[in-house]
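Novice: First, the structure itself, so that you have it in front of you.
The values are calculated or read from the model by the stated rules, or taken from the named source; none is laboratory data. Predicted model only: the values in this text are computed from it and were never measured. Because the Cβ atoms are built from the backbone with ideal geometry, glycine has one as well, and the counts that use them run over all protein chains shown.
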Amino acid sequence: MAEPLSPNFDVAGYAPPSIGRTLSPARIAEHLRLTQNADRLGINAWRAKVEEAVGASDFPILTQYVTQRDVIARYQTAIPEWRDYVKTGTIAAFTPAEQMWTTGIREILPKVPERGERKNTKQSELKRQRRVDAYGERYDVTWQSVVNDVQNALGDIPAQMARAARATEAYLVASALVSATAINSTLFSDTARAPALNADGTVCTDADLNPTVDNVLDANHDALSIANLEVAVEQLAKMEDAKGNPMGLRPRFLVVPPALELTAWKVLESAMSTTTLVNVIPKFGIQVRVNEYLPVINGTSGHTNWFLFADPAQGSPFEMTYLRGYEAPAVFLKQPNKTAAGGGGRLFGDFDTDMMSYAVQHVCGVNIIDPRFAIGSTGDTA
């Protein structure tokens, strides 16, 4: 059986520009009752009503509307785990967007004597580039499939589209954390550096403006354990800004693959670190988040990689970026191109194949901001 419509589904009036008129809530509700077989008709009676409705001129538009609204409702309801530790933002176009990044403001204020002049601090403006890409898939449905869909299995398509959009986001987040064989060396290394550009567009490697940081655990502290998590917490607390001032970062989220979830909870909730020492990690209030795509992308050590993120209120190592105005997945419908010989509205599907084609598109991208807000570990050695 198909999944029921999302409880967030909205049946407010809708005016598709392609038909130039508003679909009333009553017409939408009628379409929903039919496609969901809310009246619990017998198989033959329900099939006959569906076959009759398929020939209506507004059936494709109603189907597209219902699918789009249901996809968005399901997408918005399924809040992913990565939203807790990843910043989100938008850009206006597919072309890389430049974001100004000012260094030099966060520093200790100098004392100003009476009637003294405040000195101008040295500031440098760097740039970050953010971009997005389009991801999508096509779903073809035949007229025969609609008529024969006694169990309304095609009603699962909106749920599948919403899950695909969320899965794409989780995959992109995981791809920022790991590569095919290890953790992402661009973001996690002993010489990690923010991908900043100078005013002339060249990569900034000036140690005074864009210093390197060590945000990866060494081979002696890899495996997820109480002792090694303590090392990661200390390493995060030592992070400094470009002026050498402490950033005061506090650990907030421990991101692990599914294979390490139980270990993570044991580390965070165990009362003792050894037979004689108390485990102080629980005092930090760190929470566990699981990303299922870490081992999918990294087939070598993805089951042992783990990451400690700072409180997102302080900053994030990367951003999930959306195309402005397209923050949720969009559903498209290929209009039918056939009409009945005796006149009337358009019939279901393509003239040659009786096929109706849907497509879902999601526009987003992950962009590295600042590696100082996370610590990474391969986790493959004790």
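Novice: Only one of these is touching a Phe, Trp or Tyr at 6+ places or on another chain (Cβ under 7 Å), within 16 Å of Thr304 (Cβ to Cβ) and buried (at least 16 other Cβ atoms within 10 Å of the Cβ): Val178, Val267, Val256, Val233. Name it.
Specialist: Details: Val178 fails: touching a Phe, Trp or Tyr at 6+ places or on another chain (Cβ under 7 Å); Val267 fails: touching a Phe, Trp or Tyr at 6+ places or on another chain (Cβ under 7 Å); Val233 fails: within 16 Å of Thr304 (Cβ to Cβ).
The unique qualifying residue is Val256.
Novice: For Arg166, all conditions in the list (1) in contact with a strand residue (DSSP E or B) (Cβ under 6 Å, 6 or more places away or on another chain); (2) at pLDDT 85 or above hold save one; what is the number of the exception?
Specialist: (1)
Novice: Given (1) of a type in the set (S, T, N, Q); (2) modelled with pLDDT of 65 or more; (3) farther than 20 Å from Phe332 by Cα, identify the lone condition not met by Thr35.
Specialist: The one condition Thr35 does not meet is (3).
Novice: What are the residue pairs meeting all of these: first residue in the range 125-139, first residue free of Cβ contacts under 8 Å to residues at least 40 places away in the same chain, second residue part of a strand (DSSP E or B), Cβ atoms under 7 Å, and 6 or more apart or on different chains?
Specialist: Once the first residue is free of Cβ contacts under 8 Å to residues at least 40 places away in the same chain and sits in the range 125-139, no partner that is part of a strand (DSSP E or B) comes close enough.
Novice: Between a first residue in the range 73-90 that is in contact (Cβ under 8 Å) with a residue 60 or more places away in the chain and a second residue that is exposed (fewer than 14 other Cβ atoms within 10 Å of the Cβ) and not in a strand (DSSP E or B), which pairs have beta carbons less than 6 Å apart while being 6 or more apart in sequence or on different chains?
Specialist: Ala73/Asn8; Thr77/Asn8
Novice: Could you say whether any residue in the range 288-299 is touching a Lys or Arg at 6+ places or on another chain (Cβ under 9 Å), within 29 Å of Pro195 (Cβ to Cβ) and modelled with pLDDT of 90 or more? Working first, answer last.
Specialist: Taking the range 288-299 and keeping what is touching a Lys or Arg at 6+ places or on another chain (Cβ under 9 Å), we get none.
No, the range 288-299 has no match at all.
Novice: Looking at the range 283-324, which of the residues that are touching a Ser or Thr at 6+ places or on another chain (Cβ under 8 Å) and of a type in the set (Val, Ile, Thr) is nearest to Asp222 (Cα to Cα)?
Specialist: Ranking the qualifying residues of the range 283-324, first place goes to Thr304.
Novice: Here is a follow-up. Just to be sure before I move on: is Asn198 within 25 Å of Pro257 (Cα to Cα), in contact (Cβ under 8 Å) with a residue 40 or more places away in the chain and not aliphatic (A, V, I, L, M) in the structure I sent? Steps first, please.
Specialist: Numbers: within 25 Å of Pro257 (Cα to Cα): no; in contact (Cβ under 8 Å) with a residue 40 or more places away in the chain: yes; not aliphatic (A, V, I, L, M): yes.
Against the criterion (within 25 Å of Pro257 (Cα to Cα), in contact (Cβ under 8 Å) with a residue 40 or more places away in the chain and not aliphatic (A, V, I, L, M)), Asn198 does not qualify.
This table checks each residue for (1) in a loop (DSSP other than H, G, I, E, B); (2) under 20 Å from Asp241 (Cα atoms); (3) of a type in the set (S, T, N, Q); (4) at pLDDT 75 or above.
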| site | (1), (2), (3), (4) |
| --- | --- |
| Glu98 | no, no, no, yes |
| Lys122 | yes, yes, no, no |
| Val150 | yes, no, no, no |
| Ala162 | no, no, no, yes |
| Val173 | no, no, no, yes |
| Thr181 | yes, no, yes, yes |
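Novice: Looking for whichever is in contact with a Leu (Cβ under 8 Å, 6 or more places away or on another chain), polar (S, T, N, Q) and farther than 23 Å from Ala182 by Cβ here; the options are Asn305, Asn210, Asn279, Asn245. Which one fits?
Specialist: Values: Asn305 fails: farther than 23 Å from Ala182 by Cβ; Asn279 fails: in contact with a Leu (Cβ under 8 Å, 6 or more places away or on another chain); Asn245 fails: in contact with a Leu (Cβ under 8 Å, 6 or more places away or on another chain).
Step by step, each of Asn305, Asn210, Asn279, Asn245 is checked, and only Asn210 is in contact with a Leu (Cβ under 8 Å, 6 or more places away or on another chain), polar (S, T, N, Q) and farther than 23 Å from Ala182 by Cβ.
Novice: Still on this structure: Please state which one of Asp214, Asp190, Asp222 is more than 19 Å from Met247 (Cβ to Cβ) and charged (D, E, K, R). It would help to see each step written out before you state the result.
Specialist: Values: Asp214 fails: more than 19 Å from Met247 (Cβ to Cβ); Asp190 fails: more than 19 Å from Met247 (Cβ to Cβ).
From the options Asp214, Asp190, Asp222, the qualifying one is Asp222.
Novice: Next question, about the same structure. What helices (runs of 4 or more DSSP H) completely inside the range 211-311 contain at least 1 residues that are of a type in the set (Ser, Thr, Tyr) and over 14 Å from Phe373 (Cβ atoms)? Before the answer, list the steps.
Specialist: Details: elements: 226-237, 261-269, 294-297.
The helices (runs of 4 or more DSSP H) meeting that bar are 261-269.
Novice: In the range 187-201, what count of residues is obtained for those that are surrounded by fewer than 16 Cβ atoms within 10 Å (Cβ to Cβ) and at pLDDT 75 or above?
Specialist: Initially, the range 187-201 is screened for residues surrounded by fewer than 16 Cβ atoms within 10 Å (Cβ to Cβ), giving 190-191, 199-201.
Now narrow it down to the ones that are at pLDDT 75 or above: 190-191.
Of the residues in that region, 2 qualify.
Novice: Something else: Just checking, which of Ser24, Ser57, Ser18 is at pLDDT below 75, under 22 Å from Tyr326 (Cα atoms) and more than 30 Å from the chain's Cα centre (by Cα)? It would help to see each step written out before you state the result.
Specialist: Values: Ser24 fails: under 22 Å from Tyr326 (Cα atoms); Ser57 fails: under 22 Å from Tyr326 (Cα atoms).
Exactly one residue qualifies, and that residue is Ser18.
Novice: Only one of these is modelled with pLDDT of 80 or more, touching a helix residue (DSSP H, G or I) at 6+ places or on another chain (Cβ under 9 Å) and hydrophobic (A, V, I, L, M, F, W, C): Val86, Val112, Val132. Name it. If you could, list the steps in order and put the result at the bottom.
Specialist: Details: Val112 fails: touching a helix residue (DSSP H, G or I) at 6+ places or on another chain (Cβ under 9 Å); Val132 fails: touching a helix residue (DSSP H, G or I) at 6+ places or on another chain (Cβ under 9 Å).
On inspection, the qualifying residue turns out to be Val86.
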